[in-house]
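The values are calculated or read from the model by the stated rules, or taken from the named source; none is laboratory data. Keep in mind the model is a prediction, meaning the values are calculated, not measured. So basically every Cβ, Gly included, is an ideal-geometry build from the backbone, and we count neighbours across all protein chains shown.
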Amino acid sequence: MTTSLLPVVGGDLRVPLVTGGTVPYANLDIAASAPALGSVAERVTQFLPYYSSVHRGAGHASAVSTTAHETARRSVGDFVGARPDDVVQLVRHTTDAFNLLATAVPGEVVTLDVEHHANLLPWAGPGRRTVTARPTLAATLAALDAELARRPAALLAVTGASNVTGEVLPLAALVEIAHRNGARIAVDGAQLVPHRRVDLTALDVDYLAFSGHKLYAPYGAGALVGRPDWLAAAPPYLAGGGAVRSVTLDDVAWADTPARHEAGTPNVVGAVALAAACEALASLSETTQVRHEADLRDRLRDGLAALPGVRLLRLWDDETDVLGLATFVVDGHPADLVAQFLSAEHGVGVRHGRFCAHPLLARLTGGAPAVRASVGLGTSSADVDRLLDGLRQLLTTGPRWTYDADHLPVPDPRPLPAWALPQQALRE
């Protein structure tokens, strides 16, 4: 039996069932937002008494906050093997990172059609060229190579691992294709970085974007790490205090990166949390983490494959490296009903929908929603087994509760925590 690898906040959470009683929460929605590591929450608690303005203020708390913010920037860069001259932009999340990078790219961008919207929509317009993924990964890489050779591009923007299928792309091969054709490469590491080590220096990746909320630091911070020249030449991402050297009514002298693109009061709590998560993962053996998640992945995917009427989604016939997630459809059962049933009757949290990857779901399911289960550092084999047992019940005897036209349980007697309710409603 596989147990959790590191303690996470909420690891002992119990949730109510519509049938009565409570059960330990089986959180299999890690790919959407991972819970905070215990060590991350402890670091935030240690920092909060010192919370103050960053880069301004002479008080001791302000000095501590400024130091913590800039130390966090270095820790994040170290975690992903940043080169000495790389810039570490602290942003909100991967979407924010790519929107920032989109203001700086001096030319056309090539993407795959399998991307998350975070790495699809920021490039929308005549400057984006989209390559359709082929049935095999080898053929897809060849198609990217051919497109970049056909017409030069400034940037290849590609995911490191699919948020829908979990399939991992070969970064070394993608870097070689991009650079051989005169392009830089930006990697969407939102799904990859929490599960695999990415070393910018060793791989020669030009830009890497990732989110704290998927890296066990759900405090609203993320990072864009990479080469400084494009970002240094770009207009400020936001106009405001902190991004300037001097201002008159007629002129502005903008600051250099990274301050140039970080106007306003920064999310220092998020930066501290993101750094703590990076440090915790760096101290963990990658081999241990990969083995832990591979055991859970195999248990999950093999169990789903054994259930009649359940179809796993995948992109490529020749891909063997897959993260700890599985997206699937259940014949005769809408995805939202499956998800609501698992939550209401079994205390299992999964994701359902089109996963901010509508073009990819159009390819895999004809646009119909699917269900995704994903594992992480706090997941145990018991969590996976509860999901499989729930699906087995759904397929054999059906739900025990009633669900309305929107597939919501009716009635729904599960209480919400009092603090989550409007206080006016509580007074009434």
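Just a few scattered comments:
- Scanning the range 294-311 for residues being free of Cβ contacts under 8 Å to residues at least 60 places away in the same chain and surrounded by fewer than 20 Cβ atoms within 10 Å (Cβ to Cβ) gives a total of 6.
- Filtered by the rule that a residue be surrounded by fewer than 13 Cβ atoms within 10 Å (Cβ to Cβ) and aliphatic (A, V, I, L, M), the range 46-63 gives Leu48, Ala58.
- Arg291 falls short of the stated requirement of being modelled with pLDDT of 95 or more, surrounded by 21 or more Cβ atoms within 10 Å (Cβ to Cβ) and of a type in the set (D, E, K, R).
- Long-range neighbours under 7 Å by Cβ, at least six apart or interchain, first residue of a type in the set (Lys, Arg) within the range 209-221, second surrounded by fewer than 24 Cβ atoms within 10 Å (Cβ to Cβ): Lys214/Ser33
- Among the residues of the range 20-63, those that are in a loop (DSSP other than H, G, I, E, B) and closer than 27 Å to Leu5 by Cβ comprise Tyr25, Leu28, Ile30, Ala31, Ala32, Ser33, Ala34, Pro35, Ala36.
- When restricted to residues that are surrounded by 24 or more Cβ atoms within 10 Å (Cβ to Cβ) and either in contact with a His (Cβ under 8 Å, 6 or more places away or on another chain) or part of a loop (DSSP other than H, G, I, E, B) (or both), the range 170-191 contains 4.
- Residue pairs meeting the criteria (Cβ under 7 Å; at least 6 apart or on separate chains; first of a type in the set (Ser, Thr, Tyr), in the range 231-244; second not in a loop (DSSP other than H, G, I, E, B)): Tyr237/Leu100; Tyr237/His261
- Sole residue being touching a Ser or Thr at 6+ places or on another chain (Cβ under 7 Å), at pLDDT 95 or above and closer than 30 Å to Arg297 by Cα, chosen from Leu17, Leu13, Leu28: Leu28
- Here Arg354 meets each of (1) surrounded by fewer than 19 Cβ atoms within 10 Å (Cβ to Cβ); (2) at pLDDT 95 or above; (3) not polar (S, T, N, Q) with one exception, condition (1).
- Subset of the range 23-76 (residues that are more than 26 Å from Gly166 (Cβ to Cβ) and aromatic (Phe, Trp, Tyr)): Phe47, Tyr50, Tyr51
- Residue satisfying all of: in the range 313-334; β-branched (Val, Ile, Thr) and modelled with pLDDT of 95 or more; surrounded by the most Cβ atoms within 10 Å (Cβ to Cβ) among these: Thr327
- Some residue of the range 409-418 being touching a residue at least 24 places away in the same chain (Cβ under 8 Å) and crowded, with 18+ Cβ neighbours inside 10 Å: yes
- Matching strands (runs of 3 or more DSSP E) fully within the range 218-287 where at least 3 residues are surrounded by 20 or more Cβ atoms within 10 Å (Cβ to Cβ): 222-226
- Counting only strands (runs of 3 or more DSSP E) that sit completely within the range 64-139, those holding 2 or more residues that are surrounded by fewer than 18 Cβ atoms within 10 Å (Cβ to Cβ) and either at pLDDT 95 or above or among the hydroxyl-bearing types (Ser, Thr, Tyr) (or both) correspond to 128-131.
- Qualifying residue in the range 379-389 (condition: surrounded by fewer than 21 Cβ atoms within 10 Å (Cβ to Cβ), of a type in the set (Ser, Thr, Tyr), out of contact with any strand residue (DSSP E or B) (no Cβ under 9 Å at 6 or more places or on another chain) and free of Cβ contacts under 8 Å to residues at least 40 places away in the same chain): no
- Here Leu360 fulfils each of the conditions (1) in contact (Cβ under 8 Å) with a residue 12 or more places away in the chain; (2) farther than 28 Å from Ala36 by Cα; (3) out of contact with any Lys or Arg (no Cβ under 9 Å at 6 or more places or on another chain) apart from (3).
- Condition met for Arg354 (under 20 Å from Pro135 (Cα atoms), basic (Lys, Arg) and not assigned by TED's automatic domain parsing to the domain that holds Thr136): no
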